[in-house]
Amino acid sequence: MTDSRAGRLVLQLVVPVALVVIWWRTSSGSTSFFYPPLSEVIDSLREDWLFAQIPTDLVPSLGRFSAGYLLAAAAGVGLGTLIGLSPRLRLATQPVTEFLRAIPPPLLLPFAIVTFGLGNDSKILVIALGSMWPVLLNTIDGVRGVDPQLLDVARSFQLGWRMRIARILLPAASPKITVGLRTALSVALILMIISEMQGSTNGLGFRVLKAQRSFDTAGTYAGVIVIGVVGLVVNLGFLAVESRVMRWHRGARGLLEL
Amino acid sequence: MSAQVRRRLRTEAVVLPALGVAVAVAAVELAPRLGILPRQSFPPFSEIFGALAGLLGDSELWGAVRDTLSSWALSMVFAILIAVPLGMAMGSSRVGALLMRLTIDFLRPIPSVALIPILVLIYGTQPSIKVALATLGATFPLLFQAMYGVADVDPVAKDTARAFGLGGWSRARRITFPSVVPYLTTGLRISASVALILVVTGEYVVGVAGLGREVLIAQSGGAYDRMYAFIVATGVLGLGVNLALLAAERRVLFWHASQRGQGADE
Amino acid sequence: MLMLDVSHLSKTYGSGSGAFTAIGDISLSVVAGELVCIVGPSGCGKTTMLRCLAGLLPPTSGAVSLDAQPVTRPPRQMAVVFQDYSRSLLPWLDVVGNVTLPLKAAGVRKPRRLALAGDALAAVGLAEHAHKYPWQLSGGMQQRAAIARALAYQPEILLMDEPFASVDAQTRAELEDLLLDVWTRFDITILLVTHDIDEAVYLADRVVLLSGAPAIVTESLTVDLPRPRDQIATKEMPEFAHLRAHVFAAVKAAGDQARRDAASEASAPDAAAGVAVGPDAAA
């Protein structure tokens with residue numbers, strides 16, 4: 001059964017389909033407050049999330065997420081390159097970075113709230129500050145691990161330092177950097193949600209919290225499902241971009257079926 | 001490498017990190033005093049340090065540490081019990097892997113913190129919420145590491161063992177398990193870090209006992225030096241857990257590596 | 001007319017008791033249009049020397065000059081082909097991308113870049129593979145791409161560090177002939193370091209023999225074999241065999257001497273300049 005494509009697809013779908021069916025059957029006649037019928041959850045999804053709350057909550061959430069993530073990526077790669085290129089700078093910054101990265105990212109939230117308030121900028125700062133670490137550390141690793149022969153090639157053909165960094169160093173470090181960017185994605189998502197659960201007026205996290213506080217169980221489930229879908233789509237999007245941009249890396253390691 | 005160069009590198013290895021720390025401390029001390037950061041909400045380093053020093057004798061800190069660590073330990077146990085068997089099963093069976101792939105790939109990107117509202121709704125603000133949260137988050141990295149570890153076992157070694165008549169359990173013990181152990185230790189370290197973060201997050205967001213809640217209490221009460229002291233304490237705890245696991249990993253793998261060396265001669 | 005002039009080059013790594021002198025005293029010159037091969041025993045510092053000539057490594061003493069200009073950093077008129085093509089071609093660029101990158105850095109405009117690349121790729125026989133990636137090509141083809149990259153750069157002199165060491169014998173023969181073809185067609189000077197004695201005699205106008213570390217030039221041998229060379233005809237000639245035997249004997253003697261030196265220094269209780277770092281570190 002594992003040999004045919006159709007067979008593999010069926011196997012993969014068995015468990016998810018079964019879970020959904022079980023959920024539906026066990027909840028359909030339910031009068032329990034905590035376990036509403038799946039049909040109610042779907043209703044809530046349809047009414048609220050398709051399409052009313054998309055502009056009011058989904059869009060601002062994704063906007064903050066994107067802004068924070070891009071900031072984290074830029075800062076992480078920029079600083080990481082500088083630190084990776086200079087062994088002295090690396091030694092000097094190591095204890096501080098090791099300590100700062102050990103702080104659970106959600107605990108950056110009190111720092112931001114207390115210092116910068118509850119506004120949009122504060123949230124974006126938290127997302128950026130918290131998700132920067134995987135990018136920074138992986139960039140440092142990646143830059144340090146660049147094959148010195150590649151740099152010899154760059155020098156022998158008289159590449160200026162700008163080209164050396166942009167066209168040799170960063171591409172060579174990009175496999176490691178990509179790993180960091182992927183981890184940062186999950187962290188940014190978590191921070192986006194948590195930051196919206198504290199003194200927010202819109203957003204995915206806000207909506208789910210609101211549903212919970214008004215004891216709207218179906219709405220809470222619905223909100224969680226939406227968050228899950230957003231997480232899934234964002235990850236798939238990242239994977240799609242990565243598989244295009246990093247195709248050369250899989251090829252170089254002999255992992256492409258050509 | 002000449003002796004002079006070696007000496008210079010040794011001094012640099014001590015002086016430069018110290019310099020870095022000194023600069024950071026100076027920055028945290030001066031920024032609020034010079035108004036770069038708001039003085040009322042961001043205390044200078046000396047005040048934070050003072051609050052932290054005061055906490056060390058305070059039973060509140062150690063009680064909170066105990067709450068956080070015990071929840072963390074519990075969630076790790078659950079995560080191991082779920083992730084290791086499931087991951088190894090998925091790694092060794094194509095059918096098993098296919099059955100679970102989609103479900104796991106779907107569940108994996110869901111931020112576990114998104115489940116907080118549901119858990120709070122159903123169970124109220126109980127400590128078990130943070131254990132549930134941490135278990136969920138810690139399961140996935142360990143699961144994947146277990147999967148990769150089993151899948152990575154040298155098939156030639158397995159065949160050889162079978163050809164020599166080693167039974168299933170013997171094969172598992174001598175071939176599969178030693179190969180998986182490095183993956184498991186890596187997975188444990190990653191999971192431990194994730195679990196600690198989620199425990200503290202749960203404490204902060206939901207308000208259950210532990211370091212996270214101490215941060216919340218200090219924040220609401222405006223005692224910002226205490227708040228940062230607790231944040232620093234959490235960072236130190238995280239560092240400590242990670243270092244302890246690194247040391248343990250080195251010992252386990254050292255033992256494992258030498259045992260493998262012996263195994264080759266048997 | 002002189003093109004490349006090397007005067008009393010020496011290179012010592014480290015200092016004090018851990019010092020290792022890879023190059024003792026090397027002087028040689030290369031005339032424009034020559035094809036010179038440098039041979040020596042393993043670990044004699046051939047790669048160190050090449051890196052000094054290429055401006056990638058500052059010598060401890062001595063001077064290198066190209067067209068009467070001192071070489072302190074990689075000169076524009078020089079291109080290098082490294083031994084390990086898998087670590088010198090960029091895996092994220094296709095062949096054309098790799099070949100045109102140095103031209104881009106030099107500020108050459110796109111149409112001209114593509115034209116130069118096209119000529120170079122045609123010369124090495126890679127025209128149909130221009131849009132493939134290095135990891136899609138065989139070892140021999142990858143080294144051709146590296147050669148094309150050097151050619152498109154339009155250097156006056158090409159330095160090659162054991163360029164055919166990592167390919168099989170058949171591919172090596174093809175690449176040697178390709179090199180000869182390219183040498184006449186593009187009218188460049190070539191300095192090639194190799195440990196393959198047959199290759200050195202087959203390709204060269206002159207063979208320069210190095211001793212073991214600390215390396216010095218023991219001999220400079222003119223190769224009088226007729227051109228164009230042919231893998232079968234030339235290698236059948238008695239002169240080829242004589243030259244080859246001569247070079248082989250010299251390299252073997254140098255290698256034996258190096259081993260004797262290493263052994264005597266290891267057994268000497270207070271060696272002044274001990275070979276603490278192994279010879280392999282230099283090459």
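The values are calculated or read from the model by the stated rules, or taken from the named source; none is laboratory data. Keep in mind that what you see is a predicted model, and the values were worked out from it rather than measured. Virtual Cβ from ideal backbone geometry, glycine too; neighbours counted across all protein chains shown.
Just the residues that are within 8 Å of chain B (Cβ to nearest Cβ) and either under 20 Å from the mean Cα position of the chain (by Cα) or more than 19 Å from B:Ser220 (Cβ to Cβ) (or both), please, taken from region A:97-114.
A:Glu98, A:Phe99, A:Leu100, A:Ala102, A:Ile103, A:Pro104, A:Pro105, A:Pro106, A:Leu107, A:Leu109
Where in region C:7-107 are there strands (runs of 3 or more DSSP E), lying wholly inside it, with at least 3 residues that are more than 8 Å from every other protein chain (Cβ to nearest Cβ) and under 26 Å from C:Ala254 (Cβ atoms)?
The qualifying strands (runs of 3 or more DSSP E) are C:20-31, C:35-39, C:61-66.
Yes/no matrix, rows are residues, columns are (1) in contact with a Pro (Cβ under 8 Å, 6 or more places away or on another chain); (2) of a type in the set (A, V, I, L, M, F, W, C); (3) touching a residue at least 40 places away in the same chain (Cβ under 8 Å):
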site: B:Gly167; (1), (2), (3): no, no, no
site: B:Arg173; (1), (2), (3): no, no, no
site: B:Leu184; (1), (2), (3): no, yes, yes
site: B:Arg189; (1), (2), (3): no, no, yes
site: B:Ser193; (1), (2), (3): no, no, yes
site: B:Ile197; (1), (2), (3): yes, yes, yes
site: B:Ala209; (1), (2), (3): yes, yes, yes
site: B:Leu216; (1), (2), (3): yes, yes, no
site: B:Gln219; (1), (2), (3): yes, no, no
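Among the residues of region B:80-98, which ones are at the interface with chain A (Cβ under 8 Å from one of its Cβ atoms) and surrounded by 18 or more Cβ atoms within 10 Å (Cβ to Cβ)?
Scanning region B:80-98 gives a single hit, B:Leu98.
If I go through region B:219-242 residue by residue, how many of them are more than 15 Å from the chain's Cα centre (by Cα) and at negative phi?
Qualifying residue count, region B:219-242: 14.
I'd like the residue in region B:112-126 that is more than 7 Å from chain A (Cβ to nearest Cβ) and among the small types (Gly, Ala, Ser) and, out of all such residues, is farthest from A:Ile193 (Cα to Cα).
B:Gly124
For region C:120-161, what are the residues that are among the aromatic types (Phe, Trp, Tyr) and under 24 Å from A:Trp248 (Cα atoms)?
Answer for region C:120-161, where residues must be among the aromatic types (Phe, Trp, Tyr) and under 24 Å from A:Trp248 (Cα atoms): C:Tyr133, C:Trp135.
I'd like the full set of residues that are farther than 17 Å from B:Gly187 by Cα and of a type in the set (Val, Ile, Thr), limited to region B:59-103.
Of everything in region B:59-103, those that are farther than 17 Å from B:Gly187 by Cα and of a type in the set (Val, Ile, Thr) turn out to be B:Val65, B:Thr68, B:Val95, B:Thr103.
Scan region B:1-41 for residues that are in contact with a Lys or Arg (Cβ under 9 Å, 6 or more places away or on another chain) and either assigned to a helix (DSSP H, G or I) or of a type in the set (A, V, I, L, M) (or both) and report the count.
So the count comes out to 4.
Regarding region A:34-43, can at least one residue be identified that is in a loop (DSSP other than H, G, I, E, B), under 17 Å from A:Val208 (Cβ atoms) and within 14 Å of chain B (Cβ to nearest Cβ)?
Within region A:34-43 (the criterion being in a loop (DSSP other than H, G, I, E, B), under 17 Å from A:Val208 (Cβ atoms) and within 14 Å of chain B (Cβ to nearest Cβ)), the answer is yes, since at least one residue qualifies.
From the list B:Val156, B:Val199, B:Val120, which residue is modelled with pLDDT of 90 or more, among the hydrophobic types (A, V, I, L, M, F, W, C) and over 18 Å from B:Val84 (Cβ atoms)?
Sole residue among the options that is modelled with pLDDT of 90 or more, among the hydrophobic types (A, V, I, L, M, F, W, C) and over 18 Å from B:Val84 (Cβ atoms): B:Val199.
Hey, can you tell me all the residues within region A:115-156 that are surrounded by fewer than 19 Cβ atoms within 10 Å (Cβ to Cβ) and away from chain C (no Cβ under 14 Å)?
A:Thr115, A:Phe116, A:Gly117, A:Leu118, A:Gly119, A:Asn120, A:Asp121, A:Asp141, A:Arg144
Here is a yes/no grid of residues against (1) within 17 Å of the chain's Cα centre (by Cα); (2) surrounded by fewer than 22 Cβ atoms within 10 Å (Cβ to Cβ); (3) in the same structural domain as C:Leu35 (by TED's automatic domain parsing); (4) modelled with pLDDT of 95 or more:
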residue	(1), (2), (3), (4)
C:Ser61	no, yes, yes, no
C:Thr100	no, no, no, yes
C:Gly125	no, yes, no, no
C:Phe164	yes, no, yes, no
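Among the residues of region A:133-146 satisfying the criterion of being part of a helix (DSSP H, G or I) and among the aliphatic types (A, V, I, L, M), which is farthest from A:Val96 (Cα to Cα)?
That would be A:Val143.
Determine, yes or no, whether A:Val230 is among the β-branched types (Val, Ile, Thr), free of Cβ contacts under 8 Å to residues at least 24 places away in the same chain, within 11 Å of chain B (Cβ to nearest Cβ) and on the phi < 0 side of the Ramachandran plot.
Here the answer is no, as A:Val230 does not meet what is asked.
Suppose the filter is more than 29 Å from B:Ala161 (Cβ to Cβ) and surrounded by fewer than 22 Cβ atoms within 10 Å (Cβ to Cβ); does B:Ala195 pass it?
no
Filter region C:78-98 down to the residues that are of a type outside the set (D, E, K, R) and over 18 Å from A:Asp152 (Cβ atoms) and list them by number.
Result: C:Val95, C:Val96, C:Gly97.
Going by the conditions given, is B:Pro109 facing chain A (nearest Cβ under 7 Å) and part of a helix (DSSP H, G or I)?
no
Looking at region B:134-147, can you tell me whether even one residue there is modelled with pLDDT of 80 or more and either over 24 Å from B:Val200 (Cβ atoms) or not assigned by TED's automatic domain parsing to the domain that holds B:Val77 (or both)?
Yes, there is a match, as at least one residue in region B:134-147 is modelled with pLDDT of 80 or more and either over 24 Å from B:Val200 (Cβ atoms) or not assigned by TED's automatic domain parsing to the domain that holds B:Val77 (or both).
What residue, of C:Gly55, C:Gly40, C:Gly18, C:Gly24, is small (Gly, Ala, Ser) and either touching a helix residue (DSSP H, G or I) at 6+ places or on another chain (Cβ under 6 Å) or surrounded by 24 or more Cβ atoms within 10 Å (Cβ to Cβ) (or both)?
Going through C:Gly55, C:Gly40, C:Gly18, C:Gly24 in turn, the sole match is C:Gly40.
Could you tell me whether B:Val200 is in contact with a Gly (Cβ under 6 Å, 6 or more places away or on another chain) and either on the phi > 0 side of the Ramachandran plot or assigned to a helix (DSSP H, G or I) (or both)?
Yes: the conditions hold for B:Val200.
Residue check: is B:Ala18 in the same structural domain as B:Gly222 (by TED's automatic domain parsing) and either surrounded by fewer than 16 Cβ atoms within 10 Å (Cβ to Cβ) or aromatic (Phe, Trp, Tyr) (or both)?
Answer is no for this residue.
Hand me the list of helices (runs of 4 or more DSSP H) wholly inside region C:134-236 holding 3 or more residues that are over 30 Å from C:Ala115 (Cα atoms).
C:197-203, C:233-236
Looking only at residues that are of a type in the set (A, V, I, L, M, F, W, C) and more than 9 Å from every other protein chain (Cβ to nearest Cβ) in region A:157-180, which one is nearest to B:Leu198 (Cα to Cα)?
Per the criteria, the residue is A:Val179.
Can you work out which of the residues in region A:181-209 that are more than 14 Å from chain B (Cβ to nearest Cβ) and of a type outside the set (A, V, I, L, M, F, W, C) is farthest from the chain's Cα centre (by Cα)?
A:Thr201
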